[in-house]
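Some notes on the structure that comes next.
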Amino acid sequence: MNDTPKKGWLSRLSEGLSRSSKQMTEQVVATFVKEPLSETALEQLEEHLLESDLGPAATDRIVERFRDLRFGKGADEREVKEALAEAVAAELINHQARYEPLSGPRPFVTLFVGVNGSGKTTTLGKIASNLTSQGARVMIVACDTFRAAAREQLKVWAERAGATFESRRDGADPAGLAFDAYARAKAEGYDVVLIDTAGRLQNKSALMDELLKIVRVIKKIDPEAPHETLLVLDATVGRNALAQEQIFGRTAFVTGVVMTKLDGTARGGVLVPVAQASDAPIKLIGVGEGVDDLQPFDARAFSRSLAGLED
């Protein structure tokens with residue numbers, strides 16, 4: 001047994017975002033500490049922010065904030081990082097919200113959507129573990145009936161979390177499974193139902209039709225369900241995450257975004273344009289493999305970590 005205390009979330013967030021932070025802040029700090037504010041420095045700032053995938057709109061606003069700050073020749077590293085953190089936070093503060101499945105109707109139904117490989121199944125498993133640790137009765141439903149590997153992975157998570165697992169044979173009707181599982185959960189007094197879905201993108205219309213069919217049958221039991229639809233995005237794909245948000249966002253009636261694998265990329269800034277492009281807020285972020293490495297999104301904490309400020 002390892003007696004080393006587990007690092008706090010903010011420390012793990014800073015560590016997870018270190019690649020993004022290093023790429024962006026070292027260049028930005030060097031630009032403004034070396035010389036007084038100039039148009040050349042602002043042009044370099046714009047270039048660094050775009051390279052970090054913050055997107056053109058947010059980049060323009062952050063550059064203007066820096067122009068207004070008018071850093072002098074005596075600006076130090078901390079001053080520049082604080083300014084950068086505040087600028088990024090300003091871009092995100094109106095795009096955060098909470099995922100609170102235990103504060104709504106019972107059972108609270110959450111639908112998970114996203115492309116295969118985005119971390120969707122792992123995210124669902126982590127949420128299940130967190131909920132059962134709080135004493136909730138949780139049912140996991142494997143509605144990606146086209147991939148045996150997805151079902152097996154979910155089954156492992158269900159066993160680990162102590163959650164009930166519902167699945168069917170290869171090729172079974174996902175909507176039928178969702179309906180039956182939800183009806184059982186309602187009859188037996190479950191607190192939360194977590195539904196995994198397929199994420200094939202080779203045929204977008206068929207994929208969306210399948211998702212909408214699941215939603216339709218669930219609404220036959222409760223017109224308000226699903227109570228949450230979480231879109232899971234992988235930060236390591238960079239700007240492609242924006243394309244995925246556009247594919248799923250409006251068609252699947254997404255109510256919240258989860259950004260995973262922020263520790264695996266040097267371009268964690270992509271969360272900014274994704275948040276601003278989405279009609280749904282960012283609710284959770286992940287910076288590691290552990291159950292505790294998926295946490296509620298806090299715009300200020302994220303921005304400070306991205307700027308290399310660990311406190």
- Query: Within the set of pairs 6 or more residues apart or between chains, which connect a residue that is more than 19 Å from Ile195 (Cα to Cα) inside region 215-243 to a residue that is open to solvent by 10 Å² or more (accessible area, probe 1.4 Å) and assigned to a helix (DSSP H, G or I) with Cβ atoms less than 8 Å apart?
  - Reply: Ala235/Gly264; Thr236/Gly264; Val237/Gln244; Arg239/Pro273; Leu242/Pro273; Leu242/Ala277
- Task: Report, by residue number, each residue of region 179-226 that is farther than 23 Å from Val138 by Cβ and either β-branched (Val, Ile, Thr) or not in a loop (DSSP other than H, G, I, E, B) (or both).
- Result: Lys204, Ser205, Ala206, Leu207, Met208, Asp209, Glu210, Leu212, Lys213, Arg216
- Query: Quick one: is Ile285 of a type in the set (A, V, I, L, M), buried (at least 24 other Cβ atoms within 10 Å of the Cβ) and in contact with a Pro (Cβ under 7 Å, 6 or more places away or on another chain)?
  - Reply: no
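With respect to Val109, is the statement that it is in contact with a Leu (Cβ under 9 Å, 6 or more places away or on another chain), open to solvent by less than 10 Å² (accessible area, probe 1.4 Å), closer than 25 Å to Thr236 by Cβ and not basic (Lys, Arg) true? Before the answer, list the steps.
Values: in contact with a Leu (Cβ under 9 Å, 6 or more places away or on another chain): yes; open to solvent by less than 10 Å² (accessible area, probe 1.4 Å): yes; closer than 25 Å to Thr236 by Cβ: no; not basic (Lys, Arg): yes.
Considered against the rule, which asks whether it is in contact with a Leu (Cβ under 9 Å, 6 or more places away or on another chain), open to solvent by less than 10 Å² (accessible area, probe 1.4 Å), closer than 25 Å to Thr236 by Cβ and not basic (Lys, Arg), Val109 comes out as no.
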- Task: Could you please find all residues in region 197-223 being of a type in the set (Asp, Glu) and modelled with pLDDT under 95?
- Result: Asp209, Glu210
- Task: For region 134-178, name all the residues that are among the charged types (D, E, K, R), open to solvent by 40 Å² or more (accessible area, probe 1.4 Å) and in a loop (DSSP other than H, G, I, E, B).
- Result: Arg137, Arg147, Arg168, Arg169, Asp170, Asp173
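The values are calculated or read from the model by the stated rules, or taken from the named source; none is laboratory data. Because the structure is predicted, anything quoted here is derived from the model rather than measured. Backbone-built Cβ (ideal geometry, glycine too); neighbour counts: all protein chains shown. Note: areas computed on protein heavy atoms with side chains; ligands, DNA, RNA excluded. Shrake-Rupley method; radii C 1.70, N 1.55, O 1.52, S 1.80 Å.
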